[in-house]
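Everything on this sheet refers to the single structure shown next.
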Amino acid sequence: MINFDELPCDITNHINTFRDFLNTTWPFLDKLMEDHNWDDDGYFIGDWLQVNWEFFVERELLEEKGFLTQFSVSYLSGRITKPEAIANYTVLAKSEKQLIDARTGMIIPFDKGTRLYCFSTYKDNAYGLYPPFDYAELVVDSEKKLYTVPVKDLQFYLVKL
């Protein structure tokens with residue numbers, strides 16, 4: 001249970017459980033994607049991620065008392081359930097040590113509010129959307145800057161917007 005009067009609240013275990021869910025269910029999603037009609041439904045994966053975020057993270061943490069910022073492969077994607085809802089909570093990533101962006105080598109500005117928006121994996125010289133989702137994709141919304149950081153180095157906090 002979240003005490004909404006005492007935010008930010010550490011939700012690292014819950015975010016890691018969501019990651020575990022993605023890792024476990026991804027092989028089944030892969031099977032579906034083989035025959036998927038990508039011409040008429042190109043947003044399938046992003047929508048699947050977002051709806052699972054809404055059910056497994058948002059509903060469990062907020063107990064229908066609010067809405068989280070999106071989690072998707074597309075920074076500008078929208079909600080699946082209650083598309084008209086406006087986010088009033090977000091998940092910020094923090095670290096106890098200075099971290100470097102895996103893509104650019106820049107120092108991560110945790111003091112500017114690095115929001116979790118997706119997970120990725122480094123494979124075949126590129127970052128992609130597949131297990132084990134060992135990197136967190138973070139965004140600083142005010143600057144529209146993206147960062148990639150190993151999940152193992154992060155803690156995640158629920159914050160009211």
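What follows is calculated from the coordinates using simple rules that are stated; it is not laboratory data. Every value quoted in this text rests on a predicted model; they were computed, and no experiment measured them. Heads up, the Cβs are rebuilt from the backbone with ideal geometry, glycines too, and the neighbour counts pull from every protein chain shown.
A compact table of results
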| item | result |
| --- | --- |
| Structure-derived Cα extents along the principal axes in Å - corresponding label in (1) 54, 49, 25; (2) 46, 38, 28; (3) 89, 38, 28 | (2) |
| Relative packing of 7-13, 34-40, 45-51, 121-127, which averages over residues the other C-beta atoms within 10 Å, highest first | 45-51, 7-13, 121-127, 34-40 |
| For the stretch 1-71 versus the stretch 91-152, the gap between their alpha-carbon centres in whole angstrom | 17 Å |
| Non-local Lys pairs in the chain, i.e. 8 or more apart or on different chains, that have alpha carbons under 13 Å apart | 6 |
| Mean residue ellipticity (222 nm) of the chain, computed from DSSP H runs ≥ 4 via -39,500 (n - 2.57), nearest 500 | -7000 deg cm²/dmol |
| Relative contact order (%) - criterion: Cα under 8 Å, at least six apart; region: the chain | 26 percent |
| Under the Karplus curve 6.51 cos²θ - 1.76 cosθ + 1.60, θ = phi - 60°, whole-Hz ³J(HN,Hα) for the stretch 84-98, x wherever Gly or Pro sits | 7, 5, 9, 5, 10, 9, 9, 10, 9, 9, 9, 9, 7, 10, 6 |
| Cβ-derived FRET efficiency at R0 22 Å, R103 paired with K152, nearest 0.05 | 0.80 |
